[in-house]
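The values are calculated or read from the model by the stated rules, or taken from the named source; none is laboratory data. This one's a predicted model, so the numbers in the text were calculated from it and none came from an experiment. Because the Cβ atoms are built from the backbone with ideal geometry, glycine has one as well, and the counts that use them run over all protein chains shown. With ligands, DNA and RNA removed, areas are computed over all heavy atoms of the protein, side chains included. Shrake-Rupley method; radii C 1.70, N 1.55, O 1.52, S 1.80 Å.
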Amino acid sequence: MELRGGFPFMGGVLALCLLCGGAAAETLPAPPPFDFAQYTQAGFLADRDALAAGVAAAEPGPSRAIARLDLAEFYLAHVMLPEGRSLLGDEMPDGLIPAEQARWRAIAAGFSIMEGTGVPTGTLLPNADWANWQDYHLWAALNAITQGDAVELEGNLAGAADRLPTYPPVFVEACLPALLEGAIAVRKWPLAQRLSRDFDNYPELKSQPVYSFLIGRVAEQSHHPDKAYAAYREAAKGQDRYAQRARLALVSLGLEHGALTPDQGLSMLAEANLAWRGDRFDLQALEQRAHLGETSGHDVDALIAYGEILTRFPERPQARAAAQAADNLLKAFYAKGAAGKISLTDFAEGHQRLETYYEVRPDFQTYAEQFADRLLELGATTQAATEYRKIREALSAQRKDNPEAVSQDRMAYLALREAEALARGGQFARAAKVLEASERPADAQELNQFNALQARVLAEAGKTDAALQAKVTSHSVDHLRLQARLHWKKGDWKAATQSYRELWKKAPDDFSETDAVELLLAAYRSGDLTTARSVAEVFPRLAGREDLNKLVASLLAEPAKLSPLMDAAARDRLRKADDALEMVGSEAKQAGG
């Protein structure tokens, strides 16, 4: 049975338990019956003014306490809870005789029950005399609803139904829905039928969502899902909490009987969260969304529901469970996205939706990096660079609050990834600016990697001298090739020859046609004919143009008997050799070497 807070007027005010403590040990007579019927809507102003005047005129002490008690009872009869609670106070006044003490306790309990807090089961009956109190069964039944006590409710429901008609209409309208729902919950069908007929006396109440909702509950409990569905649909058109409860019931019933798909259920629950916010039925819709999203494989929808719980209900016990479930689901979603088990479109859309709820969490940037890595892997270089930059900005904000939260190496690594993404997309100038503005890694190996990339993007951006000045201590094959080509581009033939020779020695199987041609030209132009001849000897294997390579080999083989500056024939021979080598290099590059 779940009826806690079932009254439409329960605002969640936490009242003190005014019947706890020593009440059970006291011998208090039963209070007089509540004569709420004397207070009518027509006489509201006259009654209030008269009772207020009585309070003002009473002498301090018991007389004034009784006058205040009379006015508080008036407010309780009209279900004006804040006004009555404020007037009554939380502590019994001194000097009251036992009968007035019992009356004060009964009225105080009435406010606690009507506010939705209630009193612990059993404390409403401090001694046997109270069992004969004419109002006992009604208040015991209402209190059982606040406590979710089905046994206590079932034992007092019939007496409550008998007593309720003696109360004023405004009070009956407040309690009738809760009592009818209680009768449905404990399956007291004759009582439920009787209470539902009482709605006929209150046309305005009957026209509200509560009536259709409760009719739906009866139909559902009686195994008539079609009638229940129709009643819930009618109730869901409203704007109050019973309309919200009807929306939740519609989804549960529709999914149970196959009338709704999970997608439709999730959509309806999202609409329910927009239509009604802030209380436990809003929270219930979020919990239902999260559960349905997880069980139907809609991870993002589930995570958004968990995110809403964490954002809007952080102090509720459900938030702790939501945080743990979200941790597990985030890990699973991003792992699937990184592994290509979901499409990039779905991965990107999901990541964008989740950022709103989870970007402030310290671990979310790790997940965001998995998304950026996937973008880069698939060639979406600009988008990947944007994501890496967003991660850096988020972590930079964290460092402002806690400088030790994120390491220097971590920030440098993300700058490296952003620059790499830009470089892969041909945006070398932007990549160079990112690296220039970034912190350097403290780790030697990572610093070497950082500087190597910086050299490459500077080279591609046309900053040859700056690229050559990059401090790269451990030369990879790619960096050796970059250095050699930069020297070659500058016309520093000796340095180019040395770099190409290192490359050839370190990675002979990776020494391309272009490498060979440029080494040959550099060696020839620097006067290192020994290196030039050694390249020429293997050049046919590299270039696949034996005719041209024979020409190169023959030219290189001729000794220079005279100084080139003094011998026209020698100058012509060197010019022809240079032209031949340029032609070989051009053809090698066109062939993709």
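Here are some notes:
- Distance from the C-alpha centroid of segment 495-531 to that of segment 343-416: 42 Å, rounded to the whole angstrom.
- Cα gyration tensor shape for segment 84-129, rounded if a/c is under 1.5, else prolate or oblate: oblate
- J(HN,Hα) series, segment 45-51, from Karplus relation 6.51 cos²θ - 1.76 cosθ + 1.60, nearest Hz, glycine and proline x: 5, 5, 5, 4, 5, 5, 5
- In this structure, the pairs whose alpha-carbon distance is over 26 Å, taken from K463/K505; K471/K505; K206/K237; K206/K227; K471/K506, are K463/K505.
- Shown are H291, H487, whose ranking by accessible area with a 1.4 Å probe and every protein chain present, most to least, is H291, H487.
- With Cα atoms, 0 to 90° folded angle of helix 62-77 axis to the chain main axis: 70 degrees
- Rounded to whole numbers, the Karplus 3J(HN,Hα) couplings from phi for segment 224-234 are 10, x, 5, 5, 4, 4, 5, 5, 5, 4, 5 Hz, using 6.51 cos²θ - 1.76 cosθ + 1.60 with θ = phi - 60°, and x at Gly and Pro.
- Residue-level accessible surface for M268, protein heavy atoms, 1.4 Å, Å²: 50 Å²
- For segment 130-140, 3J(HN,Hα) per residue [Karplus equation, 6.51 cos²θ - 1.76 cosθ + 1.60, θ = phi - 60°, Hz, x = Gly/Pro]: 6, 5, 9, 4, 4, 9, 4, 4, 5, 6, 5
- Helix-only [θ]222 nm of the chain, DSSP H runs n ≥ 4, -39500 (n - 2.57) each, per residue, nearest 500: -22500 deg cm²/dmol
- Candidates L164, Q101, T121 compared by Cα position along the dipole of segment 96-217: farthest toward the positive end lies L164, with charges placed on Cβ.
- Ranked by how many other beta carbons lie within 10 Å on average, peptides 214-220, 179-185, 29-35 from highest: 179-185, 214-220, 29-35
- Anisotropy class of segment 100-151 from Cα gyration tensor, a/c 1.5 cut: oblate
- S63 accessible area, assembled protein chains, probe 1.4 Å, Å²: 70 Å²
- Solvent-accessible area per residue in the chain equals 48 Å², computed with a 1.4 angstrom probe and all protein chains kept.
- The chain, accessible surface, carbon-and-sulfur percent (1.4 angstrom probe): 51 percent
- Cleavage-rule hits, trypsin sites (Lys or Arg not before Pro), segment 92-188, DSSP coil, Cβ neighbours within 10 Å at most 15: R187
- In this structure I342 has an accessible area near 50 Å², from a 1.4 Å probe over the protein heavy atoms.
- Overall form of the chain per C-alpha gyration tensor (a/c, 1.5; a/b vs b/c): prolate
- Highest average packing first - 412-419, 76-83, Cβ atoms within 10 Å: 412-419, 76-83
- When all protein chains stay in place and ligands, DNA and RNA are ignored, the 1.4 Å accessible-area order of H475, H224, largest first, is H224, H475.
- Between the Cα long axis of helix 493-506 and the first principal axis of the chain there is an angle of about 70°, rounded to the nearest 10.
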